[in-house]
Each structure stands twice: as structure tokens, then as C-alpha cells.
Amino acid sequence: MSKKKAKNGNKSKVRKVALDVIIVCLLCIAGISAFNIYKIVNNYHEGSKTYRKIAELAGIPDIKGDEEFTGDINWDALMEQNSDTVAWIYLKGTKINYPVVQASDNDYYLRRMFNGASGIGGTLFVDARVPGDFSGFNSIIYGHHMKDSSMFGALKSYTSYDFAKENPRFELITPKQKYHLEVCAFLSVPADSPVYRIVGTSQSSREAYIKMIKDKARYTTGVDFGTKDKLVMLSTCAYEYEDARYAVIGKLIPWDK
């Protein structure tokens, strides 16, 4: 065999080995990707299953069609499972039908579900800086923006003004009061926006805050809101730019009014 043929034969072997290595690497990458996708899908499934059970525990039926949300909650059952429970929030026609909790900090429930288990969707929670009974001027409820529209993923729909007009209110139920949460404005702001500050009791600070909300709003709905109202911001991540947030501003109106 000539040196040239031997050299070509060695090159062919090297190419074959290199091709085999590439194929093995691609198969490994595909396997890892498939496993990661499975984990994500399984986490979503487990989260949905967990919160369906919690809704059953709270005595909330699977609401379909024209059925009305009554706001009747089994608070004793919820409190027995999680004493951090402060409210229940519901938005007709979406997956928003969840308990709301409050911890001593704003990290505890980021990846912890209502039952204490680890979960990527976490739990909807009230900002630790405000009263958990929504008696402050402005309260904030945080929730993850999940790709299957669970948790606060449905807030993205409020980028559409038409959606806001068709879905003008949430229901926010506490152990002491049932509230309508009338949507007033929608904002897309940075995570460090001053709209996330907690406002004191002075008239001037409240007036300044309301002006800021109106100035920064992508739109307002025509629902009047002022310094004497109790405001609640529903906040979730947005992906319009780095560290963006969607914020739906609503005002509390007791059901008996």
C-alpha cells in the first residue's frame, strides 16, 4: 500500500471518529434538552394539579360558562394548610383563581407553592411592606408570568385595551370582606420603577403617586381613582425589555356597594 493511500485511509478513519463523536454529542444534547422540557412540563402539571386541589379545599368549584364566582371561601381549611393566607383572587375566563399569601419578606414564596412544596410558579403574595388586609392606600400583589398563563401570566392580556374593557374587574376576597377590584390603569415599567414604592398617609404624597400612575400608564380605563381609594397593583414580569414588569392598577370596591 502506498503512503498516499495509507494517509487517505487514516484521514477517513479520523473523519469517521469525529463524525461519531459529533453524533454522540448531538444525541446527548437532544437527550438533555428533552429531559429539561419534561421537567418544565411536569412542573407546570404539578403546579396546576396542586392549585386545583387547593381550590377544592377552599370550597371553590370549577367555574365554567356563565357560572358566577360567589366569593364564598372556606378560610378555616386554607388557614389550616397555610397560616400566611390573606386573600383569594379571581378573574373570570382566565386561570387566575388562587389563594394569596403574605410572608415577612418578598422572597419566601417566589419558588414555594401554597402547600410548602417547591414549585417554579410559587404563590401569589402581597408585598411584605404593606398591611395584609389591604387597609393601606396602595398594596401590591406579585405573581410569576408563567408561559401557560397560570399564576399572573394572564396579566399580559391587559396589554390590550380591548381586553381591559371586556374584563374590567377582578374579585379579591379577604377573610373579612369581599371586594371587586375595578381595573383603572395598565403600565409596563422597569422593576425599579417608583410605582413600586409604598405611599404614606399624607395627601400630597398620595396625589403625587396617582399623578405618576396616570403619567406612566399605557392606558387608563376611565374608572376614576383618587387619594381616598384603596389601590391594589397586580404585578408580574414582562419580556418587552430586560427587567420589565406589567402592572395592572385596580381600586377596591366592597361587594355591598
(message) Using DSSP to call loops (not H, G, I, E or B), can you name the trypsin sites (Lys or Arg not before Pro) in the stretch 172-212 whose Cβ has at most 10 other Cβ atoms within 10 angstrom?
(response) K176
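Skip the ligands, DNA and RNA, and give the accessible area per residue of the stretch 164-256 with a 1.4 Å probe, whole Å². Numbers along the way, then the final one.
Values: 4460 Å² over 93 residues.
Normalised by residue count, the accessible surface of the stretch 164-256 is 48 Å².
Listed here are the pairs K228/K251; K156/K178; K92/K178; K147/K211; K95/K211; K211/K251; which of them are more than 22 Å apart at the Cα? Before the final figure, lay out each step's value.
Numbers: K228/K251 10 Å; K156/K178 25 Å; K92/K178 16 Å; K147/K211 33 Å; K95/K211 32 Å; K211/K251 15 Å.
Listed pairs above 22 Å: K156/K178; K147/K211; K95/K211.
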(message) More than 18 angstrom separation, counting every C-alpha pair in the stretch 102-257; what % is that?
(response) 58 percent
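Note the full-extension length gain between S104 and D192 as 0.36 nm times their separation in residues minus their Cα-Cα distance, in nm to one decimal.
Separation in residues times 0.36 nm, less the Cα-Cα distance, equals 29.6 nm.
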(message) Under 5 Å between amide hydrogens, which residues at least 5 positions from A185 or on another chain qualify, with H placed 1.01 Å from N in the peptide plane?
(response) T221, I249
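Compute the Rg/Rh shape ratio of the stretch 45-181: radius of gyration over Kirkwood radius, all on alpha-carbon atoms.
Rg/Rh: 0.93.
Taking a ≥ b ≥ c as the square roots of the eigenvalues of the Cα gyration tensor of the stretch 153-196, is the shape rounded (a/c under 1.5), prolate (a/b larger than b/c) or oblate? Before the final figure, lay out the partial values.
On the way: a/c = 2.49, a/b = 1.28, b/c = 1.94.
Taking the square roots of the gyration eigenvalues as a ≥ b ≥ c, the stretch 153-196 is oblate.
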(request) Give me the aspartates and glutamates in straight-line cross-link reach of K230: C-alpha distance below 17 Å, same-chain residues under 8 apart excluded. (result) D127, D133, E171, E182, E207, D256
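Highest first, please rank the peptides 120-130, 225-235, 50-60 by the mean number of other Cβ atoms sitting within 10 Å of their residues.
On the way: 120-130: 21.0, 225-235: 19.4, 50-60: 17.4.
Descending packing order for the listed peptides: 120-130, 225-235, 50-60.
Over the stretch 153-216, with every protein chain in place, what whole percent of the accessible area is carbon and sulfur at 1.4 Å, could you tell me?
Values: 1460 of 3080 Å².
So the carbon and sulfur contribution to the accessible surface is 47 percent.
The values are calculated or read from the model by the stated rules, or taken from the named source; none is laboratory data. Since this is a predicted model, take the numbers as computed values, not measurements. Positions of Cβ are generated from backbone atoms using ideal geometry, with glycine treated the same way; all protein chains shown enter the neighbour counts. Just the protein is used for accessible areas: all its heavy atoms, side chains included, with ligands, DNA and RNA removed. Shrake-Rupley method; radii C 1.70, N 1.55, O 1.52, S 1.80 Å.
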